[in-house]
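Step one of this worksheet: look at the structure below.
The values are calculated or read from the model by the stated rules, or taken from the named source; none is laboratory data. Values in this document were obtained by computation on a predicted structure and should not be read as measured data. Positions of Cβ are backbone-derived with ideal geometry, glycine not excepted, and every protein chain shown enters the neighbour counts.
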Amino acid sequence: MPRLGLGAGALWYNPRNIQRYGPIIPDNPNWHRSKGWCPYYRERWAIGQESDGQGGRLLYQIICLQNTPPETEPEQAECMKSRSTCWRNQPPRKSARKETAAAAK
């Protein structure tokens with residue numbers, strides 16, 4: 001796989017993007033990632049009986065390298081669907097624009 005435009009330490013799963021959309025939070029090799037997820041979505045799986053801060057047991061923590069983690073299940077589904085860029089930075093689709101215009105009338 002060609003590594004055009006990538007520095008010596010760049011990894012295939014942490015793409016260099018336009019500077020303004022680059023990661024805000026530094027990546028950690030211990031966080032879990034997938035090719036099918038947003039390039040900024042990470043999961044830190046808990047080990048043992050780690051507390052979640054609210055009296056429960058932590059299973060995993062969601063980390064967004066752009067500091068905009070999903071807050072609801074539908075947002076998390078969008079993060080896991082978007083493979084090439086953050087779904088929050090994508091322009092609205094034409095069908096969504098038409099629906100918004102129709103609803104405004």
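One table, with the values for the structure above:
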| quantity | calculated |
| --- | --- |
| Selection from the stretch 61-80 of residues that are surrounded by fewer than 12 Cβ atoms within 10 Å (Cβ to Cβ) and either in contact with an Asp or Glu (Cβ under 9 Å, 6 or more places away or on another chain) or in contact (Cβ under 8 Å) with a residue 12 or more places away in the chain (or both) | Asn67 |
| Qualifying residue in the stretch 35-46 (condition: part of a loop (DSSP other than H, G, I, E, B), among the small types (Gly, Ala, Ser) and modelled with pLDDT of 80 or more) | yes |
| Residue list for the stretch 51-82, restricted to those being charged (D, E, K, R), modelled with pLDDT of 85 or more and assigned to a loop (DSSP other than H, G, I, E, B) | Glu71 |
| In the stretch 37-49, residue nearest to Ile25 (Cα to Cα) [restricted to those that are in contact with a strand residue (DSSP E or B) (Cβ under 7 Å, 6 or more places away or on another chain) and surrounded by 10 or more Cβ atoms within 10 Å (Cβ to Cβ)] | Tyr40 |
